[in-house]
Amino acid sequence: MTRNKRSIGAVYEAMAARYLTEHGYIIRARNYHSPYGELDIVAEKDSVLVVVEVKYRSGTRYGSPLEAVTRQKQRRICRATMGYYAAHGYGEERACRFDVIGIAGDGTIQHIQNAFEFQWESGG
């Protein structure tokens with residue numbers, strides 16, 4: 001990924017983190033890297049760990065920001081979440097959900113809670 005794309009992504013991830021904070025979430029990590037992948041935002045609300053994928057699209061030519069979170073991407077997020085759990089000593093009893101925040105070119109934010117279920121499939 002180019003430096004420009006990374007810096008643009010950081011702007012929208014910061015916007016999403018601000019949105020989450022304004023809605024009562026506690027940000028635990030941003031851009032968490034594990035051997036299994038990256039998590040954009042790890043937050044917590046009501047004792048539930050919330051892993052948030054942030055997607056930005058300037059237009060709809062390539063679909064909505066939410067459509068960009070493919071099954072393959074979901075599997076990567078789930079694997080990275082397992083790495084986060086292991087690094088922080090969480091067990092299976094720690095509740096977790098996966099949200100997606102889509103940000104459109106006009107700055108509109110759409111937050112989909114529980115956007116997908118945990119997936120662990122080989123491949124991808």
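Among the listed residues GLN119, GLN72, GLN110, which satisfies the condition of being more than 12 Å from the chain's Cα centre (by Cα), within 22 Å of ARG18 (Cα to Cα) and at pLDDT below 95?
Details: GLN119 fails: within 22 Å of ARG18 (Cα to Cα); GLN72 fails: within 22 Å of ARG18 (Cα to Cα).
Of the residues listed, the single one that is more than 12 Å from the chain's Cα centre (by Cα), within 22 Å of ARG18 (Cα to Cα) and at pLDDT below 95 is GLN110.
For THR21, state whether it is farther than 19 Å from PHE116 by Cβ, at pLDDT below 80 and not aliphatic (A, V, I, L, M). I'd like the intermediate steps shown before the answer.
Numbers: farther than 19 Å from PHE116 by Cβ: yes; at pLDDT below 80: no; not aliphatic (A, V, I, L, M): yes.
Considered against the rule, which asks whether it is farther than 19 Å from PHE116 by Cβ, at pLDDT below 80 and not aliphatic (A, V, I, L, M), THR21 comes out as no.
Quick check: anything in the range 38-46 of a type in the set (D, E, K, R), at pLDDT 90 or above, more than 23 Å from TYR90 (Cβ to Cβ) and outside any loop (DSSP other than H, G, I, E, B)?
If we filter the range 38-46 for residues that are of a type in the set (D, E, K, R), which is where we start, we get 38, 40, 44-46.
Retained after the next criterion (residues that are at pLDDT 90 or above): 38, 40, 44-46.
Those left that are additionally more than 23 Å from TYR90 (Cβ to Cβ): none.
Among the residues of the range 38-46, not one is of a type in the set (D, E, K, R), at pLDDT 90 or above, more than 23 Å from TYR90 (Cβ to Cβ) and outside any loop (DSSP other than H, G, I, E, B), which makes the answer no.
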Legend entry - Inter-residue pairs, beta-carbon under 7 Å, first open to solvent by 40 Å² or more (accessible area, probe 1.4 Å) and in the range 37-49, second of a type in the set (Gly, Ala, Ser) and modelled with pLDDT under 95, 6+ apart: SER47/ALA95
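Looking at the range 78-112, which of its residues are part of a helix (DSSP H, G or I), of a type in the set (Gly, Ala, Ser) and buried (at least 16 other Cβ atoms within 10 Å of the Cβ)? Quick ask: steps written out before the conclusion?
Narrowing the range 78-112 to residues part of a helix (DSSP H, G or I): 78-88.
Next, only the ones that are of a type in the set (Gly, Ala, Ser) stay: 80, 83, 86-87.
Across the range 78-112, the qualifying residues are ALA80, GLY83.
Across the range 24-36, which residue is surrounded by the most Cβ atoms within 10 Å (Cβ to Cβ) among those that are at pLDDT 90 or above and either part of a loop (DSSP other than H, G, I, E, B) or touching a Cys at 6+ places or on another chain (Cβ under 8 Å) (or both)? Steps first, please.
First pass over the range 24-36, keeping only residues at pLDDT 90 or above: 24-33.
This time we only want the ones that are either part of a loop (DSSP other than H, G, I, E, B) or touching a Cys at 6+ places or on another chain (Cβ under 8 Å) (or both), so: 24-25.
Numbers: GLY24: 10, TYR25: 19.
My answer is TYR25.
Does ARG6 satisfy being of a type in the set (D, E, K, R), at pLDDT below 90, under 26 Å from ALA87 (Cα atoms) and part of a helix (DSSP H, G or I)? Reasoning before the result, please.
Numbers: of a type in the set (D, E, K, R): yes; at pLDDT below 90: yes; under 26 Å from ALA87 (Cα atoms): yes; part of a helix (DSSP H, G or I): yes.
So ARG6 fits the description; yes.
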Legend entry - Members of the range 74-106 found to be under 18 Å from TYR12 (Cα atoms) and without any contact (Cβ under 8 Å) to a residue 12 or more places away in the chain, listed by number: ASP106
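The values are calculated or read from the model by the stated rules, or taken from the named source; none is laboratory data. Keep in mind the model is a prediction, meaning the values are calculated, not measured. Please note: Cβ atoms are built from the backbone with ideal geometry, for glycine as well, and neighbour counts cover all protein chains shown. Ligands, DNA and RNA are stripped out before the accessible areas are found, and what is left, the full protein with its side chains, is counted by its heavy atoms. Shrake-Rupley method; radii C 1.70, N 1.55, O 1.52, S 1.80 Å.
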